[in-house]
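The values are calculated or read from the model by the stated rules, or taken from the named source; none is laboratory data. Just so it is clear, the structure is predicted and the values come from calculations on it, not from any experiment. Reconstructed Cβ throughout: ideal geometry from the backbone, glycine too, with neighbour counts over all protein chains shown.
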Amino acid sequence: MRSCVAAIRFGGIRLFVAIWALGLAVQAVAQTQLSHFPDPIFHDGYNGLSAAGAANIGASDASRFLAQATFGPTDADIASLRTLGYQGWLNQQFAATPTYETTDLPGKPNSAYLNWISNVLHEQIGQNNRQEAWFLGALGGPDPQNNSIIHTDQLRQRVAFALSEIFVISDQNATLSGYPQGMAWMYDLLVKDAFGNYRQLLQDVTLSPAMGVYLNMMGNQRANSAMNIHPDENYAREINQLFSIGLVMLNPDGTPQISGGKPIPTYTQGTITNFAHVFTGWNWSDCDANGNDNFQYCGADQGGAGNPPYGANYLTSMVAYDQTDPVNGSPSYHDNGTNLPDDIQNKQLLSYPGAAMSSGETSPGMLGPGGTAASDLAFALDNIFNHPNVAPFVSKQLIMRLVTSNPSPAYVARVAAVFNANRSSATQLQAVVQAILLDPEARYGEFWNPTAFGKLREPLLVVTHFWRAMGATHECGQNVSASGNSAATNYANQPYRYAGYSSAWATNDNQYGVGVDQASLDAPTVFNFFKPSFMPPGEMTSLGLVGPEFQISTDSIIANSSNTTENRAYNLDISDTCSSGDTFGDVKINHAQDAALAGSANGGLSDPATALIAEYNTRFMSGQMSPFMQQQLHNAVDVIDSTYGPDWKTQRIDRALYLISISPEYMIQK
């Protein structure tokens, strides 16, 4: 992805120059003779993709596949994939036990991370704890409460994260920030449905209290002109624009349909108004015993003696309040087209060939009067799900999150065809994800179209890759009571509890050298951290290439991310002596695992770090490190010898990790 490399190189060059200026000895070499791109080789699919071809999967190919399908390759995962083959590995992932944040597995009370620390350790749950729960799923490995339980569902977690950047909620919302378990419950829906049916996913998200609060469907009620009440249009707009069909009509390959030289809109303002009237009458599951009278005054559970636990009703889908209460006469809060003139009697939703219509109606996509909140919602979600845009729109977004920012129309069309062929399947998204990862363009696109193929790595995924590849664990937390809760015990001293002020809790920071401006469910707007259509100015725009992740790759974030990487590469090791004043500890890496690769004698130019650089080329860069970069790394790393101190091998590892992690070549996932 040459244009992407060019777009980011401005930041990388400054970083490299700064490092060199700090005193790294750079040997004089004829750099102009070394290529900035991997050596060309014949490699375009002759080895096959099935389990039968497993013996032919090289370590670099395995690492590249895992960079797309997981939160970062590890040596163990690379070896496993080479044994199982692509299909065998996928089958294993589809069968892996899901890792949930606040949803216990059947018959296993407190198996979910947040329930364990709340009900067993008696901590007061905060957003930091939710991030710990997310990292447990993202990084995998042993469960902190029972190290014999190993979390291996990397692909499910990776897809759930991709879905969370489509179905956006955020703790930057002032209300949601106080209910981390409610946010975690919706994330668990994404985990549950990651390999399920997209129609079911639409329904689960629509009725999630966290989404109901974030996009104002919670408590949305039918129009009442006397009280100046009008249905809120926020969710009606976003479920169409962001979650399903987009703004313009698409061809099956994801390209826009054109009429009169302009794209064809998918809907009008009137369509959104009608959807808003459909999405009325839903509220918290426990508003009152009768079903209506507290609808307008119901809220999140606040806990206290004799009441449900704090935020408990965030953990149950919203329910409908659409029947007039016979006891007190409270009206239905759902617009079913019968309370004229404020109701809309015949609601025209999305109109397209083959769209279903209500009984007695004559227009495709029209919903007639007399339904219930549940039946009208079902009609509306079916109307959206069956729209021809959904397959290419969703397929392209998932390709962009996992594989490449600029998939060819043919790639999108192939995946969209799988989406459509599995519309009635309970494992629709499983088939779609498999099609995305096994598509020839995913496997060999970097050789077919090196100018346009690839994507900028998201900052948070750089962190997870770094930690997974370097055997990170949580160290130095103390067994003390949690702040603000004297009943809590054994707070932080668990090796697989990913906590800490300068590590897991701070990834969303954007200053002070501790964060990367990104964390789970922490986007600044409903449009995610970046827009799928974002084009970086300059070469990529002139070539018509999008680069969504570049929208958050600003000068300040590049600099801050490099400082964060430096801190984690140089200063946090699992063997560090713990400070008595460090209550919570940090996530730290294991330098010792690679010490044998750093040198075999006393270092220096006569004992080059060839094995270390080769291993990191595979583990971090999928064998795509250019000859130029390899030489630069040798120049910077090989000069370190035993005169630097007894930890000279660790210093070699630190320097190699840092330079790779901030390099333009690494930052572009190809």
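Data overview
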{"quantity": "All positions within region 590-606 that are surrounded by fewer than 17 Cβ atoms within 10 Å (Cβ to Cβ) and of a type outside the set (Gly, Ala, Ser)", "calculated": "Asn590, Gln593, Asn602, Leu605"}
{"quantity": "Any hit, region 306-327, residues being touching a His at 6+ places or on another chain (Cβ under 8 Å), of a type in the set (D, E, K, R) and modelled with pLDDT of 90 or more", "calculated": "no"}
{"quantity": "In region 490-522, the residues that are polar (S, T, N, Q) and either at pLDDT 90 or above or under 15 Å from Asn129 (Cα atoms) (or both)", "calculated": "Asn490, Asn493, Gln494, Ser502, Ser503, Thr507, Asn508, Gln518, Ser520"}
{"quantity": "Residue within region 222-237 that is among the hydroxyl-bearing types (Ser, Thr, Tyr) and touching a Phe, Trp or Tyr at 6+ places or on another chain (Cβ under 6 Å) present", "calculated": "yes"}
{"quantity": "Condition met for Val587 (surrounded by 21 or more Cβ atoms within 10 Å (Cβ to Cβ) and either touching a strand residue (DSSP E or B) at 6+ places or on another chain (Cβ under 9 Å) or over 30 Å from Asn479 (Cα atoms) (or both))", "calculated": "yes"}
{"quantity": "Some residue of region 142-156 being closer than 24 Å to Gln624 by Cβ, outside the structural domain of Gly471 (by TED's automatic domain parsing) and crowded, with 16+ Cβ neighbours inside 10 Å", "calculated": "yes"}
{"quantity": "Residues located in region 400-422, provided they are without any contact (Cβ under 8 Å) to a residue 40 or more places away in the chain and either of a type in the set (Lys, Arg) or in contact with a Phe, Trp or Tyr (Cβ under 8 Å, 6 or more places away or on another chain) (or both)", "calculated": "Arg414"}
{"quantity": "Residue list for region 242-257, filter: of a type in the set (Ser, Thr, Tyr) and surrounded by 16 or more Cβ atoms within 10 Å (Cβ to Cβ)", "calculated": "Ser244"}
{"quantity": "Residue list for region 585-626, filter: more than 23 Å from Val462 (Cα to Cα) and either outside the structural domain of Pro495 (by TED's automatic domain parsing) or part of a loop (DSSP other than H, G, I, E, B) (or both)", "calculated": "Gly599, Ser600, Ala601, Asn602, Gly604, Leu605, Ser606, Asp607, Pro608, Ala609"}
{"quantity": "Region 239-270, residues that are part of a loop (DSSP other than H, G, I, E, B), of a type in the set (Gly, Ala, Ser) and without any contact (Cβ under 8 Å) to a residue 24 or more places away in the chain", "calculated": "Gly260, Gly261"}
{"quantity": "Number of the condition not met by Leu189 [criteria: (1) surrounded by 24 or more Cβ atoms within 10 Å (Cβ to Cβ); (2) touching a residue at least 24 places away in the same chain (Cβ under 8 Å); (3) aliphatic (A, V, I, L, M)]", "calculated": "(2)"}
{"quantity": "Selection from region 160-203 of residues that are under 26 Å from Val390 (Cα atoms) and among the polar types (S, T, N, Q)", "calculated": "Ser164, Ser170, Asn197, Gln200, Gln203"}
{"quantity": "Region 387-441, subset β-branched (Val, Ile, Thr) and surrounded by fewer than 22 Cβ atoms within 10 Å (Cβ to Cβ), residue nearest to the chain's Cα centre (by Cα)", "calculated": "Thr427"}
{"quantity": "Failed condition for Gly126, given (1) without any contact (Cβ under 8 Å) to a residue 60 or more places away in the chain; (2) more than 23 Å from His465 (Cβ to Cβ); (3) surrounded by fewer than 24 Cβ atoms within 10 Å (Cβ to Cβ); (4) under 19 Å from the mean Cα position of the chain (by Cα)", "calculated": "(4)"}
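One line per residue, one yes/no per condition, for (1) assigned by TED's automatic domain parsing to the domain that holds Ile660; (2) under 19 Å from Gln157 (Cβ atoms):
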{"residue": "Val418", "(1), (2)": "no, no"}
{"residue": "Leu429", "(1), (2)": "no, yes"}
{"residue": "Val433", "(1), (2)": "no, yes"}
{"residue": "Phe447", "(1), (2)": "no, no"}
{"residue": "Gly454", "(1), (2)": "no, no"}
{"residue": "Phe466", "(1), (2)": "yes, yes"}
